[in-house]
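K.L.:
Sharing a structure with you now.
The values are calculated or read from the model by the stated rules, or taken from the named source; none is laboratory data. Keep in mind that this is a model prediction, so the values were computed, not measured. Cβ sites come from the backbone with ideal geometry, for glycine too, and all protein chains shown count toward neighbours.
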Amino acid sequence: MFFTSLYDCFRKSVKTFLIPLFFTGLFLIPEAPVRAHIVEDSLQLVLAEKNLSISQRVEALTKLAEIRFYRRGHDKGFATLNQALKLSEQLEDKRYGARLYAILARWYVEDNQYLQAQQLIDSAVYYSNEAGNNEVLAFTDYTRGWFRLRQNKPREGIALFLKGLHALESEKAHAVKSAIYGEMSQAYGEWSDTQNQQKYAHLCYTEARKTQDPDLHVYGELTLANSFADRFKKDTTRAVLRDSALYHYKNSIAFLREHRDRVVHLTRLPEAAYYVAELYSRYMPSAYEEEVYHYLDMAVEEARKTDVHTVLARSYIMLTEYAVMNEDYKRAEFLIGNAAVAAHEGPVTDNRIIPDISWYFSVIREKQGDIGEALRYYKQYVREYTNRFDMEKMALAQKLEAQYDTNKKERELAVLQEKIMYGKKLNRLYIGLALTGLIAIIILVYANQQRTRAMKQQKQLHVMEVNKLEQKNRIALLSAMLEGQEQERSRLARDLHDGLGGLLSGIKIEMSAVKSVLSSSGGQELMDKTMEHLDDAVNELRRIAHSMMPEILIRYGLGEALKEYCQRFRTSGIHIECRVFNYTNEMDHPRQMVLYRIMQELVNNAMKHAEASMIYVQLQQVQHKIFLTVEDDGVGFDKEKIADTGRQSAGWTNIRARVEFLNGSMDILTEKGNGTTITVECLVHPEPEKKK
């Protein structure tokens, strides 16, 4: 279908401006008694209470401003929020001012006033620093990151999101976390990184479910649905992804319809209905036509109620296409006319919709036989959509122009028809010969292209096979090397513990016997020092043996080994924290040992070179994948240096070799002065070799 080629652009525009605005008032009223009053009249009654404190009045005004902004018009929302901001100046607690300035900033962005929005964000940063509250600081960082994404500065935005999450490590703050995870999921989705998009979408959904806010509940459902839909579009053979997207879209629709009196942002309902109709129409058109009509009717009805003109116009365009396919051109003309009206009703016209409208006007006029109007609309479509039309549409324009010229000439030259008949026959003959020659050339060119393509594919397959064999040999060498290292470590650990350790213990026993024989105070003191040195030697021996082959890893698995390793560094002056999530200990021992060595090397690097005051180690299992993250707040480093294999240290070489052995990947996020985050990803079990 023609219109579906623009669907992704439409959905990104909706996510960019509308979905993040769910959170304009959610974080301001975490435990307030006015939270249950969602309807505007109820909030008016709350504000009429004489005994209401200033802070509660600010909270009620904030929620009322949000409702008015999205249901009564932006001017009314701005007026009410400015009233709340003025009232908050009477409070010593700067949290209210910080949040209100952040809300105003996002609303100014929606009105395309970016300069004023930046000034408001600066005020929010100032007030949040004055407040010193982690949740407010994180909310301000979230707002700044949200703004950076809309300024096409994604790296700065992601860094601010991570900073906000870091501030919330010891806080619940499920609403703020859900907002940040949702934005990160959207950012990774626009980069076509569906793996991270899905990861953060799940986190957004999980955090949203922990709140009692209906708007956040819908936001989590839609974020997860969008991630499933994007993954399905990259691999349409995986119908389970499509079904998951439909499941969550329908969940959000059902929830919105059931709780519409409690939900502020009812614009989500027509959008979700449109997404469902689009999936049915695009990927299951013949079997689910009734479902398409059902959800399109719902989208039209709800879009009218909520003034979502973009969704309304898109829904009419999709209905127009079905009318054209059913040859009901009168209804198609009525529907596309409604789409044109809806497209121009909003404060800002979506330029992605206008070319579609011109296109369908052209198609309808052509089917009705009005070639002149069809040509005019098509030329209008070409002007509006120059950067996107292809050769097929160009050919259609030429066809319409040729038909129009032919009809005109036939009317003008009807009286000369008999005189030029002979010439026409010759022309037909020449055209036939030309077409025959052209077809022959096309066949030859096509055959040559197919042959060239086949040779290229064969060459690519050969190169892939060679690369596969080289990688297999390299992994085998790495496996043998690492296995040899671990065996040697194990042998040395046993020798040190059983041999040298036993010998030192025996010497200590003998020295204890000698100690009792010595009578002089000087000899006694010397013997005490000797015993202390022996104790230190025994302890150091045990530490070395434990480091070379940690017994806790063998007995209890990787998760407990990581915790125990980090616990031993608590007295070093560096705050090191380790967390393990959903680890099932199904990984075989050699792979656990390799991952443990990677963690050791990364933690040692952070302690020795990063000048860090805090190190965070996280082990997480998501289904059949393992994620090991080591993060510090140190000085960071230049990624370019370690990217050059000729300049890598032995430590980095070992780390990369071990990651390659695991057939995993390593992601490094670092910036000088802003710390380092390194994430290693691998499978719980190695992939079995595919038989040819």
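K.L.:
Return the residue satisfying two criteria in turn: it lies in the stretch 591-621 and is part of a strand (DSSP E or B) and touching a His at 6+ places or on another chain (Cβ under 8 Å), and of such residues it is nearest to Thr653 (Cα to Cα).
P.N.:
Ranking the qualifying residues of the stretch 591-621, first place goes to Ile615.
K.L.:
A further question follows. Tell me, which residue of the stretch 264-284 that is among the hydrophobic types (A, V, I, L, M, F, W, C) and either touching a residue at least 24 places away in the same chain (Cβ under 8 Å) or in a helix (DSSP H, G or I) (or both) is farthest from Tyr322 (Cα to Cα)?
P.N.:
Step by step, filter the stretch 264-284, then rank; the result is Val264.
K.L.:
Turning to a different aspect of this structure: Here's a check for you: in the stretch 327-338, which residue that is over 17 Å from Asp297 (Cβ atoms) and either touching a Gly at 6+ places or on another chain (Cβ under 6 Å) or among the charged types (D, E, K, R) (or both) is surrounded by the most Cβ atoms within 10 Å (Cβ to Cβ)?
P.N.:
Out of the qualifying residues, it is Glu333.
K.L.:
Any residue at all in the stretch 111-123 that is charged (D, E, K, R), assigned by TED's automatic domain parsing to the domain that holds Lys153 and modelled with pLDDT of 90 or more?
P.N.:
Yes, there is a match, as at least one residue in the stretch 111-123 is charged (D, E, K, R), assigned by TED's automatic domain parsing to the domain that holds Lys153 and modelled with pLDDT of 90 or more.
K.L.:
Among the listed residues Tyr295, Tyr280, Tyr274, which satisfies the condition of being out of contact with any Ser or Thr (no Cβ under 8 Å at 6 or more places or on another chain), closer than 24 Å to Asp350 by Cβ and surrounded by 24 or more Cβ atoms within 10 Å (Cβ to Cβ)?
P.N.:
Tyr295
K.L.:
Also, I was wondering about something else. Scan the stretch 234-245 for residues that are surrounded by fewer than 21 Cβ atoms within 10 Å (Cβ to Cβ) and without any contact (Cβ under 8 Å) to a residue 40 or more places away in the chain and jot them down.
P.N.:
Asp235, Thr237, Arg238, Ala239, Val240, Asp243, Ser244
K.L.:
Then there is this: Would the stretch 198-219 turn up any residue that is in contact with a Lys or Arg (Cβ under 7 Å, 6 or more places away or on another chain), within 20 Å of Asn582 (Cβ to Cβ) and buried (at least 22 other Cβ atoms within 10 Å of the Cβ)?
P.N.:
yes
K.L.:
Could you list, in sequence order, all residues of the stretch 97-132 that are surrounded by fewer than 17 Cβ atoms within 10 Å (Cβ to Cβ) and in contact with a helix residue (DSSP H, G or I) (Cβ under 6 Å, 6 or more places away or on another chain)?
P.N.:
The answer is Gln116, and nothing else.
K.L.:
Same structure again: Which one is surrounded by the fewest Cβ atoms within 10 Å (Cβ to Cβ), of the residues in the stretch 596-615 that are touching a residue at least 40 places away in the same chain (Cβ under 8 Å) and touching a strand residue (DSSP E or B) at 6+ places or on another chain (Cβ under 7 Å)?
P.N.:
Once the filter is applied, the top-ranked residue is Met614.
K.L.:
Could you identify the single residue in Val341, Val324 that is β-branched (Val, Ile, Thr), surrounded by fewer than 15 Cβ atoms within 10 Å (Cβ to Cβ) and not assigned by TED's automatic domain parsing to the domain that holds Asp41?
P.N.:
The match here is Val341.
K.L.:
Can I ask one more? Output yes when any residue across the stretch 263-283 is at pLDDT below 90 and more than 28 Å from the chain's Cα centre (by Cα), and no when none is.
P.N.:
no
K.L.:
Residue under question is Ser244, and the condition is that it be of a type in the set (Ser, Thr, Tyr) and over 22 Å from Ala175 (Cα atoms); does it hold?
P.N.:
yes
K.L.:
Based on what the data block shows, is Thr223 touching a residue at least 40 places away in the same chain (Cβ under 8 Å), in the same structural domain as Asp122 (by TED's automatic domain parsing) and surrounded by 23 or more Cβ atoms within 10 Å (Cβ to Cβ)?
P.N.:
no
K.L.:
Here's a follow-up. Condition test on Arg231, is it surrounded by fewer than 24 Cβ atoms within 10 Å (Cβ to Cβ), at pLDDT 90 or above, of a type in the set (D, E, K, R) and under 16 Å from the mean Cα position of the chain (by Cα)?
P.N.:
Yes.
K.L.:
For residues in the stretch 344-375 being β-branched (Val, Ile, Thr) and surrounded by 18 or more Cβ atoms within 10 Å (Cβ to Cβ), which is farthest from Thr320 (Cα to Cα)?
P.N.:
Ranking the candidates gives Ile371 first.
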